[in-house]
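Inspection log for the structure reproduced underneath, given as structure tokens.
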Amino acid sequence: MGWLRNLFSALSRQVERFLQHQQLDQQPELGEQLLLQCFRERHQANWFRKGSLQLIERLRSRPTADPESLHWLSTCYEQLHRHPELSQKQRADSQALDQAQAQLNRASALRQNRFLSERHERHKILGDQDQLPEQLRALDQWTQAIDLPAITVYRLFLHEASAPGRARFEKLRQHYLDHLDALHPTDQSIFLFLLLNEAARLRLRGEPHIHRDIFALFQLGLDRQLLLHHDRMSEVTFTNILTMAQLSQAHDFAHDFIETYAPKLAPQLRDDAHNWGRAFVAFHSHRADPHELELTLHQRGNDLTTFSVRSRILLLQMYFEELRDPGARDANFLLARCEAFAKLVRRKRSFPEKNRTAILRTLRYLRKLVSLTGPLRVDQKEVAKVRAALAEEPRLHARDWLLERLKELGQPK
């Protein structure tokens, strides 16, 4: 078996070599840097100087700045300065060392603004980072003389002192849109998610119609490919876009989005995401067929991906809605399905504990909702008690739907 192991080892080395060459094709500056290194080691000073100046000109002509290109610029200037056969020419020519320092400062300032902006956002959510205010003040003082469009936008996002609300959101969004074309795609993506978080907090506070603004931001991100990471979309982003499309009644968009972007999820999620997305849109457009969804779940087996869990909960919602129709099957069928799903979740030991807790709590409230729904008079005190407890739950699926059904039970008939 030794020869087989050696064969696989050789194949692995060939694959790694192929990937290295592929990366050089995708990053021409990296290949040029390696070529310049060869010229420098072979003492071909004129070729090295000519290639360095061409690379510098190409990097400086880029329409947007990013830390990687600024670091390349700084490295090129430093290498020109330190080359012993070119140092006298450079001192009389363009002061390469000063340029290297300036470009390094710009790269470092841009990267630190990126990091601190995301730490600042996490501070809003978690309330940690006690030293963050001092770091922000130090960064602001250090970057006052650095003129980059991205840093201008970062300053506003980091130091805007107005109270959270519609006016603050509009100001940040307009500033972002005004500078959008001057920003590197990475910075465009960071600011887009910061704006989405700002709008999401407004939605939690009950800001009317903010879902339309969130949906418009998602559309901007899709148009500019800002929501993909190496042509892959996260499951959270996929879910949020589909939810905002449903709230905006953009059903045609939702169908096209599912077909286009479900294949861009992780391979193990694609089929479940496609099935859930189609069932989700059908459910909210009142064209859902629970039997069709149940058939797809049966075909997928007992795997509990994020989207298969959502599909199973959505199926229970569909069956609950059927209870309202005359002649529908009795509630025992739905209660049995809830219990079967709960047993499946408990058996999946590899399933994350926080997700298991959220599902089991959702099923508990759904069973409580079924027990409150019936031909007998509804106990309004019990309904109010369940609504209050549900509103305090930190993790739940279909929270808004459950609250809406309890609100309907609480209305006098």
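What lysines could a cross-link reach from K50, if we take a straight Cα to Cα line under 18 Å and drop same-chain neighbours fewer than 8 places away?
K50 reaches K89.
When the distances between all Cα atoms of the stretch 170-272 are binned every 5 Å from zero, what whole-number percent does each bin get?
Values per bin, smallest distances first: 2, 12, 23, 23, 19, 14, 5, 1, 0.
In straight Cα distance, which lysines are under 17 Å from K124, not counting same-chain residues fewer than 8 positions off?
Candidates past the 8-residue exclusion: nothing left.
Pick out which of S117, S234, S61 has the largest mean-square fluctuation in a Gaussian network model of the chain, springs linking Cα atoms closer than 10 Å.
Of S117, S234, S61, the Gaussian network model singles out S61 as fluctuating most.
On the protein heavy atoms, probe 1.4 angstrom, tell me the percent of accessible surface of the chain carried by carbon and sulfur.
It is 51 percent, rounded to a whole number.
Under the √(5λ) rule applied to the eigenvalues of the Cα gyration tensor, what semi-axes describe the equivalent ellipsoid of the stretch 64-174? Give them in Å, descending.
Semi-axis lengths for the stretch 64-174 are 37, 14, 11 Å.
Please give the direction-averaged projected area of the C-alpha convex hull for the stretch 4-86, in square nanometres with one decimal.
Result: a mean projected hull area of 7.0 nm².
Add +1 for every Lys or Arg and -1 for every Asp or Glu among the other residues with Cβ under 9 Å from the Cβ of R300, and state the total.
Summing Lys/Arg as +1 and Asp/Glu as -1 gives -3.
Given a 1.4 Å probe and heavy atoms of the protein chains only, how would you sort D187, D98, largest accessible area at the top? Mind dumping the intermediate values first?
Numbers: D187 0, D98 95 Å².
Sorted descending by solvent-accessible area, the residues read D98, D187.
What whole-number distance in Å separates the alpha-carbon centres of the stretch 300-359 and the stretch 245-282?
Between the Cα centres of the stretch 300-359 and the stretch 245-282 lies a distance of 20 Å.
With θ set to phi - 60° and the Karplus curve 6.51 cos²θ - 1.76 cosθ + 1.60, what are the ³J(HN,Hα) couplings of the stretch 108-123 in order, to the nearest whole Hz, using x for Gly and Pro?
5, 5, 5, 5, 5, 5, 4, 5, 5, 5, 6, 5, 5, 5, 5, 4
With Kirkwood's inverse mean 1/r over C-alpha pairs for Rh, give me the Rg to Rh ratio of the stretch 112-177, two decimals please.
Result for the stretch 112-177 is an Rg/Rh of 0.96.
Of the residues E392, E16, E134, which exhibits the maximal mean-square fluctuation in a Gaussian network model of the chain defined by a 10 Å Cα contact cut-off?
E16
Which whole number in µm²/s is D for the stretch 269-413 by Stokes-Einstein, with the Kirkwood Rh taken over Cα pairs at 4 °C and 1.567 mPa s?
So the translational diffusion coefficient is about 81 µm²/s.
For the chain, state the average projected area of the convex hull of the C-alpha atoms over all orientations, rounded to one decimal in nm².
Mean orientational projected area (the chain, Cα hull): 29.3 nm².
Take the Cα gyration tensor of the stretch 270-318, multiply each eigenvalue by 5, square-root it, and list the three semi-axes largest first, rounded to whole angstrom.
Numbers: eigenvalues 52, 22, 17 Å².
The three semi-axes for the stretch 270-318 are 16, 10, 9 Å.
At 4 °C and 1.567 mPa s, grab the translational diffusion coefficient of the stretch 27-128 from Stokes-Einstein with a Kirkwood Rh over Cα pairs, rounded to a whole number in µm² per second.
So the translational diffusion coefficient is about 87 µm²/s.
Over the stretch 49-191, average the accessible area per residue using a 1.4 Å probe and give it in Å², no decimals.
Per residue, the stretch 49-191 has an accessible area of 54 Å².
Whole Å is fine, so just give me how far the alpha carbon centre of the stretch 125-158 lies from that of the stretch 1-54.
With the stretch 125-158 and the stretch 1-54 each reduced to a Cα centre, they are spaced 38 Å.
The values are calculated or read from the model by the stated rules, or taken from the named source; none is laboratory data. Predicted, not measured: the structure shown is a model, and the values here were computed from it. Here the Cβ is made from the backbone with ideal geometry for all residues, glycine too, and neighbour counts use every protein chain on show. Surface accessibility is based on the protein's heavy atoms, side chains included, excluding ligands, DNA and RNA. Shrake-Rupley method; radii C 1.70, N 1.55, O 1.52, S 1.80 Å.
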